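Novice: Just dropping this structure here.
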Amino acid sequence: MNTLNDEAVVERIDKSLARSRVYSLLAIGLGFPDVESHAGFSDGRLMIEMHQALEVCMPGLAEYFSEQIAPRLKLTCSFEDFEALFLTAFETNMPVPSAALYEGVHVQQSNRPGLILELKGFYRNFGLTMDAQGNELEDTLTAELEFMHFLTAKQAQAEMESLSPNAYQRAQRDFLERHLVVWLPLVRAEVNAKVATQFFVALIDLAERFVDAHLEEMLFELNS
């Protein structure tokens, strides 16, 4: 390879790893709370990591994140209170109706088993299955975000090993087009209507913007 080609490959690897980190952080923030994630959003460490990753993979969104998202991600409540806020927002329907973080609640309601089978197929194509010890379904937002975290990391790995990344790029495009880009706008609308906790409102806002921008970039990369 010449120097210019080397630089282009390094840039693609860096972008893929940064995308992977963003998906991981979104899944952490929108998953069931744990002490470690609460600490990371309380001391600001995870917001810094998110901003650094966005600066690498999506500079235009990094500015929006700094101005509109990050200020709402700073947690000042206890872990117990944060856990209660999550349950109110997404689980208990008490004292107000909760928003749903399941794709099958928002689309294909009449054929959720078919949706689950399709998602299982996506995951199994890459050797992945849901944790048998857990009780999450394949259509949870966190499962889908973690799948994108996996695909973007595998793209970077392929590039580092001088292998073709096309299979991982196509999988990202297909999964975004068929799933996250379709239903995240519906989640955002429901969260805006039902959820008062700005931490979750902000993260869903960021997630929708990020998947839209990522799909646009995938289409460009595959057509280049």
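The values are calculated or read from the model by the stated rules, or taken from the named source; none is laboratory data. The model shown is predicted, which means the values in this text are computed figures rather than measured ones. We place every Cβ from the backbone using ideal geometry, glycine too, and count neighbours over all the protein chains shown.
Novice: Six or more apart or on different chains, Cβ atoms under 6 Å: show the pairs whose first residue is in segment 51-67 and crowded, with 16+ Cβ neighbours inside 10 Å and whose second is of a type in the set (D, E).
Specialist: Every condition considered, the pairs that remain are V56/D14; A62/E55.
Novice: Any residue at all in segment 210-218 that is under 16 Å from L119 (Cβ atoms), part of a helix (DSSP H, G or I), in contact with a Leu (Cβ under 8 Å, 6 or more places away or on another chain) and not small (G, A, S)? Spell out how you get there, then give the answer.
Specialist: Filtering segment 210-218 for residues under 16 Å from L119 (Cβ atoms) gives 211.
When the remaining residues are screened for being part of a helix (DSSP H, G or I), the result is 211.
Filter once more, so that each one left must be in contact with a Leu (Cβ under 8 Å, 6 or more places away or on another chain): 211.
The next check asks that each one be not small (G, A, S); those that pass are 211.
Within segment 210-218 (the criterion being under 16 Å from L119 (Cβ atoms), part of a helix (DSSP H, G or I), in contact with a Leu (Cβ under 8 Å, 6 or more places away or on another chain) and not small (G, A, S)), the answer is yes, since at least one residue qualifies.
Novice: For segment 69-87, how many residues meet the condition of being of a type in the set (V, I, T) and free of Cβ contacts under 8 Å to residues at least 40 places away in the same chain?
Specialist: The qualifying residues number 1.
Novice: Can you pull out the residues in segment 109-126 that are among the aromatic types (F, W, Y) and outside any loop (DSSP other than H, G, I, E, B)?
Specialist: F122, Y123, listed by residue number.
Novice: Looking only at segment 33-41, decide whether some residue is surrounded by 15 or more Cβ atoms within 10 Å (Cβ to Cβ), of a type in the set (A, V, I, L, M, F, W, C), in a helix (DSSP H, G or I) and modelled with pLDDT of 95 or more.
Specialist: Yes, the conditions are met somewhere in segment 33-41.
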